[in-house]
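Every read-out reported here was derived from the displayed coordinates using simple, explicitly stated rules and does not represent laboratory data. Small disclaimer: the values here were computed from a predicted structure and weren't measured. Virtual Cβ from ideal backbone geometry, glycine too; neighbours counted across all protein chains shown.
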Amino acid sequence: MTWIDVSQPLEDSITTWPGDTAFRYEIAWPMADSGSVNVGKVTMSLHTGTHIDAPFHFDDAGQRVIDLDPGLYIGPARVIHLPGRERIEATDLDGFDLTGVERLILKTDGWPNKQEFPSHIPELTPSLADRLGELGIYLIGLDLPSVDAIDSKEMAAHHALARNGVHILEGLVLDHIAPGDYELNAVPLPIVKGDGSPVRALLRSLD
Ligand SMILES: N[C@@H](CC(=O)c1ccccc1NC=O)C(=O)O
Ligand SMILES: [Zn+2]
Ligand SMILES: [Zn+2]
């Protein structure tokens with residue numbers, strides 16, 4: 001098996017959105033007390049590390065995690081490299097033949113040090129979302145904590161992607177991933193009312 005882990009490890013030091021719930025793992029019921037087992041407990045925001053967004057995250061009428069087809073997050077995915085950009089727009093895809101691609105993963109290199117939450121990241125534009133919709137791409141993954149700018153309140157990219165039927169996978173670790181074709185496995189947990197879910201994201205080369 002040659003699955004490559006492209007997830008951020010969930011440990012207490014993982015960064016979160018400023019002001020959001022910190023990740024914490026504790027042993028709620030240690031063996032010394034229970035007599036037989038350690039029982040862990042996790043406190044976290046659902047938008048921590050490598051995770052998917054459900055449309056309810058940015059739309060009160062949007063789908064919750066349980067409403068999303070898990071198959072969105074399992075299957076062939078194309079990784080392309082778009083480094084050093086302020087924004088990523090439709091024309092940035094011009095040099096790529098994306099015929100038949102259903103899941104697209106952007107390696108932007110825009111969050112180089114995952115030990116620190118970034119103050120500034122590249123943003124996706126609505127024009128890119130429209131192009132993805134035209135191409136029939138239904139999943140966008142990227143190595144950033146958001147598809148919008150950190151200080152965005154409008155969430156224009158989130159909304160434009162949703163309008164085009166494109167689902168969102170954020171916070172991937174792609175430093176060790178070369179552009180190419182892979183099989184992706186990044187299924188969310190069945191958090192019934194969830195506005196998002198952490199995922200264990202894995203890639204396996206198809207090239
Ligand atoms: N867009 C980010 C999360 C986000 O925007 C956020 C997460 C937690 C607390 C506040 C947030 N945004 C505030 O404007 C995401 O989709 O994960
Ligand atoms: Zn999110
Ligand atoms: Zn998001």
- Task: Considering only Tyr25, Tyr182, Tyr73, give the residue with the highest GNM mean-square fluctuation for the chain, with springs between Cα atoms whenever their separation is below 10 Å.
- Result: Tyr25
- State the dimensionless ratio Rg/Rh of the chain (Rg: radius of gyration of Cα atoms; Rh: Kirkwood radius). 0.99
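Considering every pair of different Cα atoms, what Kirkwood radius, in Å, is found for the stretch 69-114? Write out the running numbers ahead of the final one.
Numbers: mean 1/r = 0.0814 Å⁻¹.
Hydrodynamic radius (Kirkwood, Cα pairs) of the stretch 69-114 is 12.3 Å.
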- Task: Could you tell me how many degrees, from 0 to 90 and to the nearest 10, lie between the Cα long axis of helix 126-135 and the main elongation axis, the longest principal axis, of the Cα atoms of the chain?
- Result: 80
- For the stretch 4-205 the mean separation of alpha carbon contacts under 8 Å (6+ apart) over residue count, i.e. relative contact order in percent, is 30
- Query: For the stretch 64-166, which GluC sites (Glu not before Pro) are in a loop by DSSP, counting at most 11 other Cβ atoms within 10 Å?
  - Reply: Glu86, Glu116, Glu154
- Round to a whole angstrom and tell me the spacing of the C-alpha centers of the stretch 139-179 and the stretch 22-95. 11
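Take every DSSP beta bridge with both residues inside the stretch 8-109 and express the antiparallel ones as a percent of the total, to the nearest 5.
Numbers: 5 of 9 bridges.
Once the DSSP bridges in the stretch 8-109 are tallied, antiparallel ones form about 55 percent.
Give me the Kirkwood hydrodynamic radius of the stretch 12-88, using the inverse of the mean 1/r over all pairs of distinct Cα atoms, in Å to one decimal.
Numbers: mean 1/r = 0.0606 Å⁻¹.
Evaluated on the stretch 12-88, it is 16.5 Å.
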- Item | Separation in nanometres of the label points that stand 7 Å from Cα toward Cβ, at Ser34 and Ala178 | 4.5
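Taking every DSSP beta bridge that has both residues in the chain, what percent is antiparallel when rounded to the nearest 5? Don't jump to the answer; show the numbers that get you there.
Details: 23 of 36 bridges.
For the chain, the DSSP antiparallel bridge percentage is about 65.
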